[in-house]
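There's a structure below that I have some questions on.
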Amino acid sequence: GYIFSGNKTRLAIVFICIIISTLAGVAGSMFTKTLIDDYISPLLTQQSPSFEKLLTALSTMAIIYFVGVLANYTYQRTMSLVGQKVQKSIRDKMFSHMQSLPIKYFDTHLHGDIMSHYTNDIDTLRQMITQSLPQVITSLVTIISVFFAMLYMNLFLTAVVIIMVFLILHIIKKIGGNSAKYFMSQQKDLGNVNGYIEE
């Protein structure tokens, strides 16, 4: 809710830029094959090669990568703004809520632990919004576009990669389960340490 509130236009721009950036990267990689096979290799067999077509192809490749870099910069900058806005909104709401809490709450909770919620926990959420969320979308778009590119190039290698991906996902699932458990423990311990230091 906090992420989408007042940020729908920015998030739409981010989504479009992520798709453009990812597709530009895949297109650039595939164009490298065309560049070598259709433009560079023929020149090696010519007595007096003309580099005009090669320069045109290189210019096209440069434009593809430039569009990708520009889209990447735009979505990262936009997500940073969204993350900062969400972070401020949550801290403001937490502070307003804290004003209505009884004194007993502050007597029974360490000040450093409370401060840790304002700093470490919310900053972790901001990092998730600005880094992890775009990375998930980027990875998803990359997987889909690369999958179709692989199907186009070689069916057998595509099958091998799919099998390996499933094995890797199985390993990641096991590691991820343990990671989530230790992450929660880390945040709790961090709050306790900050509480002790503050006292």
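The values are calculated or read from the model by the stated rules, or taken from the named source; none is laboratory data. Because the structure is a prediction, the values reported are computed rather than measured. Using ideal geometry, Cβ is built from the backbone for each residue, glycine included, and neighbour counts are taken over all protein chains shown. Calculation scope for accessible area: heavy atoms of the full protein, side chains included, ligands and nucleic acids excluded. Shrake-Rupley method; radii C 1.70, N 1.55, O 1.52, S 1.80 Å.
Pick from the stretch 67-88 the residues that are among the hydrophobic types (A, V, I, L, M, F, W, C) and closer than 20 Å to Lys8 by Cα: which of them is modelled with the highest pLDDT? Spell out the reasoning first.
Here is the first cut: in the stretch 67-88, the residues among the hydrophobic types (A, V, I, L, M, F, W, C) are 67, 69-71, 79, 81-82, 86.
From the residues that got through so far, the ones that are closer than 20 Å to Lys8 by Cα too are 71, 79, 81-82, 86.
Details: Ala71: 93, Met79: 87, Leu81: 86, Val82: 84, Val86: 83.
Among those residues, the one meeting the criterion is Ala71.
Filter the stretch 41-76 down to residues that are touching a helix residue (DSSP H, G or I) at 6+ places or on another chain (Cβ under 7 Å) and open to solvent by less than 70 Å² (accessible area, probe 1.4 Å), then give me how many there are.
Total satisfying the criteria: 12.
Filter the stretch 20-40 down to the residues that are open to solvent by 50 Å² or more (accessible area, probe 1.4 Å) and aliphatic (A, V, I, L, M) and list them by number.
Correct list: Ile20, Leu23, Met30, Ile36, Ile40.
Being out of contact with any Asp or Glu (no Cβ under 9 Å at 6 or more places or on another chain) and in a helix (DSSP H, G or I): is that true of Asp92 here?
Yes; evaluated as a whole, the condition is true for this residue.
Going through Pro42, Pro49 one at a time, which residue ends up being over 23 Å from Val141 (Cα atoms) and not in a helix (DSSP H, G or I)?
Only one candidate qualifies: Pro49.
I would also like to ask the following. Does the stretch 95-122 hold any residues that are in a helix (DSSP H, G or I), open to solvent by less than 50 Å² (accessible area, probe 1.4 Å) and more than 16 Å from Val193 (Cα to Cα), and which are they?
Met98, Ile122
To continue, here is another question. Arg91 passes all but one of (1) under 23 Å from Lys8 (Cα atoms); (2) in contact (Cβ under 8 Å) with a residue 40 or more places away in the chain; which number fails?
(2)
Right, something else. If I filter the stretch 129-159 down to residues being among the aliphatic types (A, V, I, L, M), free of Cβ contacts under 8 Å to residues at least 40 places away in the same chain and under 19 Å from Asn72 (Cβ atoms), which single residue comes out as surrounded by the most Cβ atoms within 10 Å (Cβ to Cβ)?
Among those residues, the one meeting the criterion is Ile144.
Among residues belonging to the stretch 160-170 that are open to solvent by 80 Å² or more (accessible area, probe 1.4 Å) and over 21 Å from the mean Cα position of the chain (by Cα), point out the one that is farthest from Arg91 (Cα to Cα).
Ile163
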